[in-house]
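I have placed the structure first, in the form of structure tokens, so that the comments after it can refer back to it.
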Amino acid sequence: LFNVGNILSKLGDAVLTFLTQQNAGALDPALLQLYWMDEKVERESLIEQIGAYVNDKLANGEDADALLSINTPLFFYRLAGLYYQKASRTYSYAFQYKKFLFVLKDHLVMLRRQLFMPEALANEEQDLPKREVFWKDGLLGEIAPSNLGHASPPAFSPTELFERIAIKTFSAITWEGDITNRPQILKYRDIFQHDEQRDLDLNAIYTNLSTAPEVREVILLVEELKLKLERIAQKATFEKESEAHSEGRSLKIFRFNYVQDLLSPHGAISHKFTRMLELKFRCEQNFFVLHEALEMGQVLTEEYVRCKKDERQTKLDEVREKIAALRTNPDRQALLQQLFGREGEKPEEVLAFLVCDSIFCLHEVIKTIEVYGLNYMTSYTYLATAHYKMANWCRGFTNLELLCRNEEERRQLKQTLKDLLGTDATYYLEPNYHNELAIQHFYAAVQMHNEGKSYKDKLNDMYFLEDDFNDNLYHFCAASERYRLNLNIVRDKITALKAAVSDSRLYKYDSYRDLNHRPDKVRIALDFGAKQEGVYHLVVKEKKKTVELPLIERRLENPDGRSEIELPAIYFDSFFLLKERLPILSITLEREGEVVFTRVVDLNDYPLQEGHSEVEMAPLVVDLKT
């Protein structure tokens, strides 16, 4: 029975590697019903349902290509789980349910891309493809199924299905350890004298049981699925009646209560992978609040620092107006209070918390992987995605610095991050740095599936005598990564990241030629007052020599007189001006026809230097290198 379960499970993994965006298809309600049924109570009915499911596929005359859909591997996993359970391999039985959740998470990513990518939205003839995933649900509202054929929507909701699968997994985890957690709960209650009615304290107990790491892994996976469902439902244009209540529905997903939250100070860290899942989920929560609840997603996506000064100021003013609107909007204030459990939360402080908290979480994830190395679950795509998200949050931090009203606010923001990460780590909070690393690791993930260097390195770390080549976990993780590659999720991210770093000076030829860092033209203008006369000498430092260029030597009688010259800036490093009258000096530096520096100086305000007369003041020096 165990060997049959292995064969079925690996058949499911093999089929998963063949799925693409074109043939993945849609989830079948009949298949979801198989996962809903309880094999302990409804064993005979479940066997009949499985037989009917297979006969229905054969009776419809579906060819081999039609059988290659998202339902096929999920069917094999469900069937394999039954054989594992019959063989008393409870861990393998529970793992088949985890597979279902992991595959469904990738499928939801594909569904969201199909529904909301620009090319999908531009296609007016598109008839809301593959939306049959969402059926009658109290949380998501009613979304009409399509493409169901003769099958009717399930009688249960998506969240009910996820939670039922989680409960089945909890039972199997307890069986695997040959223990029951009840005595442990009673012991904790006796030690801390907890009242049975106090759910808050009981929550702290349940998060510290001996099975907590495995249980929390499943819970985090289910909660992440709920978040993805909610984001799709909020953006779906076909969701009519729930649009007016989107805020309330969002808050049903999770709360940022620091005692009841999944990442509470009462939870023990007993497994590094579970800890990374917790940190990653916290970032998902932060992103959901920032992007969906507060509608401030542009803080992460826009690069204000690269905009021209006027454009940057305009965009920053728009963001400040949105922040001010959050501060004065009673509904948004109520939302912040419900999320964080405190009154009077300032939107700018909430933004700073979300950004700094997410940077800390991702920093810990990356640091943990660097210490313990990559494995089956924390693959190259896992690490690359962490860097990809880190770049977005670092961009958000840079934007928050620009939004600070004064230097003191900016200093406090930086100090907050230094306290979380340490001074040295703050030097690596540059978006393009993490974008570069994300590109490298995404390419390494691609190489794992085309016999590249990372694939050969992985083979060198696998041992036949330790049964590494027959590991079900590795087979599934490799198949899941291949599925994401087939969906073009990885390659699309590589394309986006390359576009993001294309403007980096690291990839510009002129960056490695010192002369081309400087302007190629200097335009100097002197504006005089009424009937002022003057003789001006431009002194140029060319390498180690000082050359006097009497190019601004004119006697002006025009009351509005203006003297202007242009110089090839490539020939000298700096210049200074000796003045004998009191004009206005205008300096403009150009590079390739674009103005890169402009400065206007009233030489009347230029301070005297000791030892200089009023007529011969200290020179005004302009260094072209800076």
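Quick notes
- The slack between residue 503 and residue 416, meaning 0.36 nm per residue of separation minus the straight C-alpha distance, is 28.3 nm.
- Within segment 407-468, the chymotrypsin sites (Phe, Trp or Tyr not before Pro) that combine a DSSP coil assignment with at most 14 other C-beta atoms in a 10 angstrom radius are 463, 464.
- Of 98/272; 228/453; 10/168; 98/418; 105/168, those spanning more than 26 Å from alpha-carbon to alpha-carbon: 228/453; 98/418
- Across segment 301-308, coupling constants 3J(HN,Hα) worked out from phi with the 6.51/-1.76/1.60 Karplus curve, θ = phi - 60°, read 8, 7, 10, 5, 5, 8, 6, 5 Hz, and Gly and Pro carry x.
- The stretch between residue 14 and residue 321 holds 105.2 nm of extra length on full extension. This uses 0.36 nm per residue minus the Cα-Cα distance.
- For segment 271-454, the C-alpha radius of gyration sits at 1.11 times the compact-globule guess of 2.2 N^0.38 Å, with N the residue count.
- Peptides ranked, highest mean first, by Cβ atoms within 10 Å: ranges 70-78, 3-11, 404-412, 283-291: 70-78, 283-291, 3-11, 404-412
- Label-point separation, residue 54 to residue 313 (7 Å along Cα→Cβ), nm: 7.4 nm
- Leading residue at positive end of dipole, segment 324-371 (Cβ point charges), from 362, 328, 338: 328
- Additional length obtainable on full extension of the chain from residue 4 to residue 495, 0.36 nm per residue less Cα span: 172.6 nm
Quick note: the coordinates plus some simple rules give every number you see, no bench work behind them. Note that the structure is predicted; figures quoted are calculated from it, not measured. Note that each Cβ is placed from the backbone with ideal geometry, even for glycine, and that neighbours are counted across all protein chains shown.
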